[in-house]
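For reference, the structure discussed in these notes is given below.
The values are calculated or read from the model by the stated rules, or taken from the named source; none is laboratory data. Since the model is a prediction, treat every value here as computed from it, not as a measurement. A quick note on method: Cβ atoms are made from the backbone with ideal geometry, for glycine too, and the neighbour counts reach across all protein chains shown. Only protein heavy atoms, including side chains, enter the accessible area calculation; ligands, DNA and RNA are left aside. Shrake-Rupley method; radii C 1.70, N 1.55, O 1.52, S 1.80 Å.
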Amino acid sequence: MRHSTLALVALLSSASAFAPAKISTTHRSQSSLHAVQNDNNNQFGNQIEDAKNVFLGTVTAATLFMGTLAPLPGDAANAAAAPAPATATKTTPAKKAEPVAAPAPLAAEKAAVASAKAAFTATQKPIADAKAAYNAASTTSTSAKKGVDSAIKKAADLKKSLISANDKLSQAKRKQYKSNNENLINVLTKTVESTKVQLTEAEKTVSFAKSAEVKASKDLAVKKSALESAEKNGANAKKALTSAEDKLSVATKKLQEANAKAEKQAKEAKKKAAEKAKKEKQQAEKAAKELKKKEQKAKKQEEKAKKQAKKKADKAAKELKKKEQKAKKVAAEKKAKEEKALKKQQQKQKEIDTAKRIAERKAAEAKAKKLKEAEQSLKALEMKKKNAIMSEKSSAASIKSADAEIAAAAKKLAELKK
């Protein structure tokens, strides 16, 4: 009996070679597997079914073989001398482990790319905000610098005016003993005092403008630092995104190679299955001939039914074609109307734009003309005041009136320049 048991074990051990191989759970992307999924399902199913049949056949053969083996004399003696077992050992079947769902193909790499994209996208708004803040600060700083330049220029002009007025006052005082020019001296004295007050105010304005410029420059430096920091974060996020995309590309390439290998194996399995199918086909051809006679009769009936169905289908198709042609005609007419309306609207918009440009050009020319006239008027008034000052017959009231006219003309000119 010992020899027969060993024979059974050896036979069953050899039968394990026919067991189906475990299918590798290599991660595959849905896109790469989808193309060969339908063919592979049939191929792998056939392979597994064949392996099951081989295994069951082997086990059955081993069982029959055990039944035909007779116990040897030594085995019979040992069996007689051996005490009978008290109770049979009861075996508990092992529970089948639940299959663990495999993670999606390239899930980690795709998640890393998605996370990197989200991180990169999150850096764009801070960069845009920082740029906007920097541009605003830059505009403020530029305006502050222009304000300083304007204030300095104004103060310089007032200094020149003060020097000129002082020189004229000195000349008038030197000539006082020769001619009675007391009124001119009084006018020049007041002009000097007024110019000094204006100069003091202008110097204060310069000081305030410089303070504003310093403040704006500091704010611009802060905004620039914030922008550089945001751009650096964006660059780092972009670098991380590029790295994640490169890793995904490498992993995708490896997956494609694995899929190609699996496809090759599937083709080999398909070839073997085709060879087996060929043999089965030869056996089935004989039975198919007998079945063919019956099918020919059914086919004639089926062809007749098909012809009738085809006539109905052709009639329905013609009606459908007429409806489609009518619908196409309606759609074409609608499209033509829409295109005509669009062209008309575009032409109208073109005319509006042309009229707008003409109006803007005329407005600019009118403004330039007014500006030129204002400048000429201001120069004429200044010349008039200068002549009035130089003239001994001019009164303080006329000079004051000239100053008012000059101020009004200067204000009007400033408004036109805005």
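None of E339, E360 is closer than 30 Å to K417 by Cα and either in contact (Cβ under 8 Å) with a residue 40 or more places away in the chain or in a helix (DSSP H, G or I) (or both) except E360. hydroxyl-bearing (S, T, Y), within 30 Å of K239 (Cα to Cα) and loosely packed, with under 15 Cβ neighbours inside 10 Å - does that describe any residue in segment 119-136? There is at least one residue in segment 119-136 that is hydroxyl-bearing (S, T, Y), within 30 Å of K239 (Cα to Cα) and loosely packed, with under 15 Cβ neighbours inside 10 Å. Scan segment 253-266 residue by residue and report those that are open to solvent by 40 Å² or more (accessible area, probe 1.4 Å) and in contact (Cβ under 8 Å) with a residue 24 or more places away in the chain. Answer for segment 253-266, where residues must be open to solvent by 40 Å² or more (accessible area, probe 1.4 Å) and in contact (Cβ under 8 Å) with a residue 24 or more places away in the chain: Q256, E263. The test for being in a helix (DSSP H, G or I), surrounded by fewer than 13 Cβ atoms within 10 Å (Cβ to Cβ) and modelled with pLDDT under 90 holds for K146. Filtered by the rule that a residue be assigned to a helix (DSSP H, G or I), open to solvent by 60 Å² or more (accessible area, probe 1.4 Å) and either over 30 Å from K175 (Cα atoms) or free of Cβ contacts under 8 Å to residues at least 24 places away in the same chain (or both), segment 381-400 gives M383, K384, K386, N387, M390, A397, K400. A332 fulfils the conditions (1) open to solvent by 100 Å² or more (accessible area, probe 1.4 Å); (2) more than 27 Å from V113 (Cβ to Cβ) except for a single criterion, (1).
Given the options T195, T121, T191, T205, name the one that is part of a helix (DSSP H, G or I), of a type in the set (S, T, Y) and touching a Gly at 6+ places or on another chain (Cβ under 9 Å).
T205
The C-beta contact set for segment 116-132 (first residue among the aromatic types (F, W, Y), second residue in a helix (DSSP H, G or I), distance under 9 angstrom, 6+ apart or interchain) comprises F120/G234; F120/A237; F120/K238; F120/A240; F120/L241. With respect to A251, determine if the residue is touching an Asp or Glu at 6+ places or on another chain (Cβ under 6 Å), over 30 Å from Y134 (Cβ atoms) and small (G, A, S). Yes: the conditions hold for A251.
Quick check on segment 176-200: of everything there that is surrounded by fewer than 13 Cβ atoms within 10 Å (Cβ to Cβ) and modelled with pLDDT of 85 or more, which residue is farthest from I152 (Cα to Cα)? Checked segment 176-200; the qualifying residue farthest from I152 (Cα to Cα) is E193. Listed by first and then second residue, the pairs with beta-carbon distance under 7 Å, at least 6 apart or on different chains, first residue in segment 227-247 and without any contact (Cβ under 8 Å) to a residue 24 or more places away in the chain, second open to solvent by 90 Å² or more (accessible area, probe 1.4 Å) and assigned to a helix (DSSP H, G or I), form an empty list. Residue count for segment 189-226 satisfying the condition of being in contact (Cβ under 8 Å) with a residue 12 or more places away in the chain and acidic (D, E): 3. Taken over segment 377-418, residues that are more than 27 Å from L188 (Cβ to Cβ) and not aliphatic (A, V, I, L, M) amount to 4.
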